[in-house]
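What follows is one structure encoded as structure tokens, with my remarks underneath.
What follows draws every value from the coordinates through simple rules; no lab data is involved. From a predicted model like this one, the values you see are computed outputs, not experimental measurements. In this analysis, Cβ positions are derived from the backbone assuming ideal geometry, glycine residues included, and neighbour counts consider all displayed protein chains.
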Amino acid sequence: MTLDEPGLIKMLESYDQESKALKAEALRFCWAMRGGLNYSEAMELSKEEREIISELIKENFEITKKSGMPYF
């Protein structure tokens with residue numbers, strides 16, 4: 001695969017956005033799990049594991065919201 005300079009720049013910007021999104025997701029997991037998962041561990045999760053944890057966090061947030069308990 002060969003890319004011209006604008007194509008290469010676009011590809012690198014896309015990789016940068018994906019990298020930032022992954023880091024943000026990992027940090028959200030660390031915060032939501034209150035130290036039960038550290039940043040290094042979060043960065044090593046597979047896509048499937050991230051999807052499962054994300055769903056678990058959403059479910060727990062909804063349960064907490066319905067109960068009226070603080071979620072912070």
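Think of the chain as a dipole: +1 on every Lys or Arg Cβ, -1 on every Asp or Glu Cβ, centred on the Cα centre; then among ALA26, SER46, GLY68, GLY68 lies furthest on the positive end.
Converting phi to 3J(HN,Hα) with the Karplus coefficients 6.51, -1.76 and 1.60 and the offset θ = phi - 60°, segment 29-42 yields 4, 4, 5, 5, 8, 6, x, x, 9, 8, 4, 4, 5, 4 Hz in sequence order, with x at every glycine or proline. Counting neighbouring beta carbons within 10 Å and listing from fewest to most, the residues MET33, MET69 come out as MET69, MET33. Straightening the chain between ALA21 and GLU5 buys 3.3 nm, computed as 0.36 nm per residue apart minus the Cα-Cα spacing. Entry note, the chain: the mean residue ellipticity at 222 nm calculated from DSSP H runs of n ≥ 4, each adding -39500 (n - 2.57), is -25500 deg cm²/dmol after division by the residues and rounding to the nearest 500.
Output the 0 to 90 degree angle, nearest 10, between the alpha-carbon long axis of helix 47-67 and the longest principal axis computed from the alpha carbons of the chain. Here the helix axis deviates by roughly 30 degrees.
Rounded to the nearest 20, the size of the Cβ-charge dipole of segment 5-67 about its Cα centre is 380 debye, with Lys and Arg at +1 and Asp and Glu at -1.
Among 50-60, 2-12, the peptide with the highest mean count of other Cβ atoms within 10 Å heads the list, and the full ranking is 50-60, 2-12.
The alpha carbon convex hull volume per residue for the chain rounds to 113 Å³.
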